[in-house]
């Protein structure tokens, strides 16, 4: 009788993590940052139909990088989760932290028990009534939830982009300065990204209950000018 092929659990987890991280890094990155009136989300995305950034609930936005079909499934699941919780309890009980924890549990389950992990990193952002209430949760392919404060970077060469954002970040900057810094961090010193190749959205405190707003190309171009 032949002996079953054995692979150490540590090696299995490492192989899954390497597979997911390499595939996520191939995708176009996304940056989210706090600014004086809310939270800005910007991604390099020439497609006008396959969105990386979307609304989840009243004051909550979703960002995804990696394999589109997989993070879009997570987006839809998040909307259902938020809608059911808001219906059963109240709209005020739906928050980014509980949604990020639910995403983390789902990704952990897939990463641990399935042959192939999800090739995604996702962001859950919530704008508060004041700057102290803003929340950014970065969830990676293995279910790890990272609570980030000033900005968050997903996908691409994230370490390099994060370094550029760290240098540029200014507390209380306006939307124009925040967008210019985010786009410069995404592009790097050797190229430029046109407004038409960007997907930009904001969570604005002044918008009331429905804080999410997509920024059109002409407004994006004006802010970058």
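What follows draws every value from the coordinates through simple rules; no lab data is involved. These figures come from a predicted structure and were not determined experimentally. We place every Cβ from the backbone using ideal geometry, glycine too, and count neighbours over all the protein chains shown.
Cα centroids of the range 118-181 and the range 41-101: 15 Å apart. For the range 17-127, taking Cα atoms only, Rg and Dmax work out to 14.4, 44 Å respectively.
Summary of packing: across the peptides 39-46, 9-16, the per-residue average of other C-beta atoms within 10 Å ranks them, highest first, as 39-46, 9-16.
Between 0 and 90 degrees, the angle of helix 158-168 with respect to the longest Cα principal axis of the chain falls at about 20 degrees.
Axis of helix 96-113 versus longest Cα principal axis of the chain: the two differ by about 30°, to the nearest ten degrees.
Counting other Cβ atoms within 10 Å as a rough exposure proxy, the listed residues 90, 152 run 90, 152 from fewest neighbours to most.
Computed from Cα positions, the angle between helix 9-26 and the longest principal axis of the chain comes to roughly 30 degrees.
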